[in-house]
Amino acid sequence: MSVDVLLGLQWGDEGKGKIVDYLAPKYQMVARFQGGPNAGHTLEFDQIKHVLHQIPSGIFRADILNLIGNGVVLDPVIFRKEIDNLERFNLNIRENLFVAKKAQLILPTHRLLDAAYEQAKGEAKIGSTLKGIGPAYQDKIGRHGLRVGDIVQDNFMEKYRDLVEEHKEKLAYLNYSYQLEEVEKTFFEAVNFLKGFQLVESEHFINQKIKEKLSILAEGAQGSLLDVDFGSYPFVTSSTTIASGACTGLGVAPNKIGEVFGIFKAYCTRVGSGPFPTELHDEAGEYLRKQGHEFGATTGRPRRCGWLDLPALKYAVMINGATQLFMMKADVLNDFESINICTHYQLPDGSKIDYMPYDICDIDITPVYETLQGWNQPLDDIHNFDALPEALVSYIKYIEDFIRVPINLVSVGPDRKQTIIKDMAVVA
Ligand code: GDP
Ligand code: IMO
Ligand code: MG
């Protein structure tokens, strides 16, 4: 058995949570491999909407194991809140949830530093979620972060104090004022709470499960265009969001990876700063935001909206080795007579390119569009691929021909049930 990976091909919020929850019954374990509470993954079923930040999206399916892997940065306070919110659903969280001892901890001072760095950047800010992600990964790579396993060690307080002293010096340098006492109290209560969960040597745990032939789905957070290496740097998150991140973030070898499911919206959104070639500043953009409820699941910020960007999508498919594509939120385009789709970029000197250039943050690129016919009808009553309107099938075909990877799933609404599969046997 291999580990399949499901990840976002755009700037996050593609609908990963919905599809992980949808596919979870086909798997015996769901594992998060990077990111942290910057993620907001929405699941909808039985008229209830759930937003998960750190807990894997397999948690609502009985008997499925859920792992928070070593590549994740974990905030114990948010972890506790999430668990408290889930308590009323009678899930077997204490039996089914495992946390890697090697996952890094987000401390209250990481969050303060995140805010302080953003404040210092002024206009040039990243637009971070202010969850402490960047500073926590900085400490990990700087080799002085604290890990989940440290919380049960005798010298945890000593290690904590040393790191916090360093953080305080940075905060003083950045001239950032703060109150730490209350949040520290909440943090230590949450750390004690976290001790009550199954903290594991997760690379052994997951490889043992692979040996036992369990099927595993690795759940990406953020999106490929926010990847620290391949995204629109510096307007990125601080982790490896692409498929290779599943290997380093779980301790799974590359030859154990099976399918790579790449999720994208039928259009594009981005939250926070940074280049977005197809962004719409007109009524169509406003319409997409309203119709798609494009407001951040973590911060509530309005998402920037624009047409589908094929050069960016092709790039994301290349760096991930996506084997199948899932197209989300097709229903949001239902009312358009015609739909634009970006096929190239035009550079300031007039030349055309079909890839995201290195200096995308510094130059003006103009998207070149192909206009396709809209399907201009509701999709509510459609439950199988063959019944999709012709214009939507043409839209799908156009993307497939451009990207050369099949689109095997089309999502037509936020609910679990609003999911149309081309061929179930292909999907999993
Ligand atoms: P994630 O971070 O990739 O899990 O995505 P988010 O949960 O942040 O954002 C996706 C949003 O779109 C959520 O509000 C979902 O409920 C919603 N959603 C998912 N799929 C569809 C769909 O096919 N149609 C519509 N209209 N909404 C969807
Ligand atoms: P999910 O998993 C969309 C964006 C932030 C900011 C940049 C850096 O729900 O798709 P960070 O807090 O990570 O340092 O912020 O990345 N960002 C996301 N955008 N969806 C997310 O997660 C995101 N997580 C981070 O808006 O631009
Ligand atoms: Mg999200």
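The values are calculated or read from the model by the stated rules, or taken from the named source; none is laboratory data. Here the structure is a predicted model, which means the values were calculated and not measured. Glycine gets a Cβ as well: all are built from the backbone with ideal geometry, and neighbour counts include every protein chain shown. Heads up: the accessible areas ignore ligands, DNA and RNA and are worked out on the full protein's heavy atoms, side chains in. Shrake-Rupley method; radii C 1.70, N 1.55, O 1.52, S 1.80 Å.
Tabulated data
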item	result
Estimated dipole of the chain in Debye, rounded to 20 [Cβ of Lys and Arg +1, of Asp and Glu -1, Cα centre]	1060 debye
Solvent-accessible heavy-atom area per residue, rounded to whole Å², over region 301-428 at 1.4 Å	47 Å²
Cα-derived Rg over Rh, computed across region 1-52 with Rh taken as Kirkwood radius	0.95
Alpha carbon centroid spacing (whole Å) that separates region 16-47 from region 164-198	29 Å
Residues whose placed amide H lies under 5 Å from that of ILE257, excluding near-sequence neighbours	VAL3
Value of [θ]222 nm, deg cm²/dmol, for the chain, DSSP H segments ≥ 4, -39500 (n - 2.57) each, nearest 500	-9000 deg cm²/dmol
DSSP bridge orientation in the chain - percent antiparallel, rounded to nearest 5	40 percent
Compactness of region 107-221, expressed as Rg and Dmax over alpha-carbon positions, Å	17.2, 54
20 Å Cα-Cα reach of LYS125 towards lysines, excluding residues that sit fewer than 8 places from it in its own chain	LYS170
Convex hull of the chain built on C-alpha atoms - directionally averaged projected area, nm²	20.6 nm²
Long-range amide H partners of LEU74 with built H, under 5 Å	GLN104, LEU105, ILE106
Mean-position separation - Cα centroids, region 311-365 and region 50-90, in angstrom	33 Å
Heavy-atom accessible surface of the chain: percent carbon and sulfur, 1.4 Å	48 percent
Integer Hz, Karplus 6.51/-1.76/1.60 couplings in order for region 306-323, x for Gly and Pro	x, 6, 5, 10, 6, x, 5, 5, 5, 4, 5, 5, 5, 6, 9, x, 4, 9
Over 22 Å (Cα to Cα) - which of LYS314/LYS352; LYS101/LYS209; LYS352/LYS397 fall in this group	LYS352/LYS397
Over 16 Å [Cα-Cα, region 63-172], rounded percent	64 percent
Helix 181-194 axis, angle to the chain major axis (alpha carbon atoms, nearest 10°)	80 degrees
